[in-house]
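What follows is a single structure, written as structure tokens, with notes after it.
The values are calculated or read from the model by the stated rules, or taken from the named source; none is laboratory data. Source: prediction; values computed, not measured. When we count neighbours, we look across all protein chains shown, and the Cβ atoms used for this are built from the backbone with ideal geometry, even at glycine. Side chains included, ligands, DNA and RNA excluded: accessible areas come from the protein's heavy atoms. Shrake-Rupley method; radii C 1.70, N 1.55, O 1.52, S 1.80 Å.
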Amino acid sequence: MDTKLLPFWQWILLLVLLLGAAYATETLVAHEQQHARSQQLRHEIASAGQLRALIESELNIPLYLTIGLTAHVQARNGEISPADMHLLLPELVHQARHIRNIGIAPGNTLRYVYPKTGNEQAIGLYYPDIKEQWPDIEAIIAQREARLVGPIALVQGGTAFIYRLPVYLNARNYWGIISTVVDIDSVWRLLEKQTSEQEVQIALRSLSATGRAGPAFYGDERLFYDDSMLLAVSLRGALWQMALRSLTPPPDRTLAIRTTAYSVTLLLLALLCWLFMSRQHLRRSVAEQQRSKLQLRSIMDNVADAIITTLPDGTIEQVNLSCYPMFGYTAATLPGMHWSALLAEPQRLDELYTATSTNKAEYETLGRRRDDSLFPLAIRRSHIRLQRQARQLLVLRDLSEQQKTEQLKQEFIATVSHELRTPLTSISAALGLATGGALGELNSSQLRMLQLAHTHCQQLTALVNTLLDVEKLASGNMQFQLTRLPLLPLLQQCIDDSQILARPRRIGLVLHCPPDLQQAQVQADNLRLKQVLLHLLGNAVKFSPPNSTVQITVQVNVQLQQRLLRVVIADQGVGVSEQFVPKLFSRFSQADSSDSRMHGGSGLGLAVSKSLIGHMHGSIGYMPNTPQGSCFYIELPFDASIQPGQLP
């Protein structure tokens, strides 16, 4: 990266950007503070309105009842009886909240009080005798209107608000006063609940007609002398002032705004510096990328296999040079074509895609050259991304030379096997006659040597027969006679034949077959199925430790709604290494191929067995045994139509 100092104009640009960001940040902080305070103010205004409405509504209800009682007295022309009051006053008290008592004072003397309990001292009270309250009462009588006063210390004890309403029977005939005592504690409890829910703090005080404020009778008086909101409350001649302040301070996001804004500014400045300093580096990188691209193209063009990249729909995008001579096309003619034009059977493209769904899968088919000649072709397919776009990568390999080599190898194996089979048969027969006494009596050393030679000759004959089977399977010349076979007798016969190998090492062969499968039949070639079973049993015995057991189990396996008859052969040997499992059924494959291996073999038995089972429409497989050992199994279709008692 070029690390030279920045030009002067770039420093000026960075400084202007920094100053502009600082000005914008501080302006945003000021707006945020104003917005937070305005939100808090809106909350306080809304809460103040609700609380004022609550106070007015709760304290006006008793007044309405008092006015109704006044109308009753006026309707009776002032003639009220104790019986009427005993019926009417309880009903009025129970209709409204916060009423502590209702008193009726004809001629300014308190005659009726409900409830009487706790208010006995007030009965008979003559209002003019209450020196501190009489001037206000006298003013109410003169003004002929109801008025809320308080808080007032009651004669019977406690403090309360009192609604006093003068009663006139006509325009000049004064009758008396009706007073409703409001429970101040009940009102305060309701007010405290509401302020707690709205998260505000309030204080109340009275105001005179001249605007002079009295001491606070509710809340903290200091609220009237700070920046709290002040609101007037009017209640029937009583004028109060309410101070309100929110308990929740406005959110302060100035630190977060400054931190974020200056961090972003520094980041942008650093990014701008990096962009300036990376300019030359980017130019060099582009040049290096072009050189790498040319080098990669050169490598691809020198690969013998054809390499093709296509779009997701299969249209050829790029090919290497090896692709043109392989398919007989001239240069630059393949891009734009669909790659299936290079196949002999393009209609089987879906089958090819399914077979090559994994990167390691290889699909063999026929390719088509431009002159319509066909040749064997192997295809590998994978999905890649170029410049963030999906692409398909195809690697195509011409198998013509490989198949020729394979054919020569098969012909060589067939020729050698046929040439060896006849002399080996004669030698084995001669050695058999010699060990049987046809040449006369032999001493023990001679007999032992001839028996050893006879055994090795039989092994060599078996190897030649296996090679011939491989050649027949590869050329398709092996004949199969598929007939209905009872499985259990054939399996028992194979177990009996394998006892010759198992007894010297005291290895037990145990067969497990459920009762419902003892009569099961399969469609198979008797000789070839027996050949496979004997090979699997022989391997199990060969690789089992002495004094162990080989378990043979017959069971039914269900796969994709198809019932399969499975024969499982499990030993207690060392098992097959995980790395060798993929090569188990390949020709000439052995886990230990060294000259010092413990067990002999050609490495062809499992490959031949797999091919034989495949021709009988079955399968063969391997899985580890528990807790140790190997577990091989074969599966054949379990067709109910060929079972005993179910034949058509």
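Here is how the numbers come out for the structure above:
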| read-out | value |
| --- | --- |
| Per residue value of the accessible surface for region 475-544 (all protein chains in place, 1.4 Å probe), Å² | 52 Å² |
| Once the Cα gyration tensor of region 274-416 is diagonalised, semi-axes √(5λ) in Å | 36, 18, 15 |
| Dipole of the chain [Lys/Arg +1, Asp/Glu -1 at C-beta], most positive-end residue of L59, S373, L296 | L296 |
| Degrees between helix 82-95 axis and first principal axis of the chain (Cα, 0 to 90, nearest 10) | 30 degrees |
| Given charges at beta-carbon only (K, R positive; D, E negative), |dipole| of the chain in Debye | 860 debye |
| Global form of region 201-287, assessed from the alpha-carbon gyration tensor, a/c cut-off 1.5 | prolate |
| Per-residue HN-Hα couplings for region 380-393 [Karplus 6.51, -1.76, 1.60; θ = phi - 60°; Hz; x = Gly/Pro] | 10, 9, 8, 10, 9, 10, 10, 6, 6, 10, 5, 9, 10, 9 |
| Long-range amide H partners of L511 with built H, under 5 Å | I552 |
| Percent of alpha-carbon pairs separated by more than 21 Å within region 490-572 | 31 percent |
| Per residue accessible area in Å² of region 64-123, where ligands, DNA and RNA are left out and the probe is 1.4 Å | 54 Å² |
| Ellipticity estimate at 222 nm from DSSP helix runs (n ≥ 4, -39,500 (n - 2.57)) divided over the chain, nearest 500 | -15000 deg cm²/dmol |
| In Hz, Karplus ³J(HN,Hα) per residue of region 30-42 (6.51, -1.76, 1.60; θ = phi - 60°; x = Gly, Pro) | 4, 4, 5, 5, 5, 5, 5, 5, 5, 5, 5, 5, 4 |
| Surface share of carbon and sulfur [accessible, 1.4 angstrom probe, percent] for the chain | 56 percent |
| Nearest-20 debye value, region 254-411 charge dipole, Cβ charges on Lys, Arg, Asp, Glu | 1140 debye |
| Signed unit charges on C-beta, dipole axis of the chain, positive-most listed residue F585, P90, Q519 | F585 |
| 0 to 90° range, to nearest 10: angle between helix 134-143 axis and the chain longest Cα axis | 90 degrees |
| Contact order normalised by residue count of the chain, Cα under 8 Å, 6+ apart, percent | 7 percent |
| Protection proxy ranking of 163-175, 92-104 - average other beta-carbon atoms within 10 Å, highest first | 92-104, 163-175 |
| Among (1) 24.9; (2) 38.6; (3) 27.9, the entry that matches Kirkwood radius over Cα pairs in Å as calculated here | (2) |
| By average C-beta atoms within 10 angstrom, highest first, the peptides 565-573, 7-15 | 565-573, 7-15 |
| Residue-span extension gain [D516 to Q403] - 0.36 nm each, minus C-alpha spacing | 35.9 nm |
| Interchain or long-range residues, amide H under 5 Å from L604's placed H | F588 |
| Solvent exposure of region 185-314 as accessible area per residue, Å², 1.4 Å probe | 64 Å² |
| Under-5 Å amide H pairs with V522, H placed in peptide plane, nonlocal only | L485, L487 |
| Residue-by-residue Karplus 3J(HN,Hα) for region 166-182, coefficients 6.51, -1.76, 1.60, Hz, glycine and proline x | x, 10, 10, 7, 8, 5, 10, 8, 7, 9, x, 10, 10, 10, 10, 8, 9 |
| Given charges at Cβ of Lys, Arg, Asp, Glu: the chain dipole, positive-most of S445, L612, Y114 | S445 |
| Mean Cβ count within 10 Å, highest first, over the residues of peptides 504-511, 516-523 | 516-523, 504-511 |
| Calculated FRET value between E317 and L282, using beta carbons and R₀ = 35 Å, to 0.05 | 0.85 |
| For region 1-103: rounded, prolate or oblate by the Cα gyration tensor [a/c cutoff 1.5] | prolate |
| With Cα atoms, 0 to 90° folded angle of helix 400-435 axis to the chain main axis | 60 degrees |
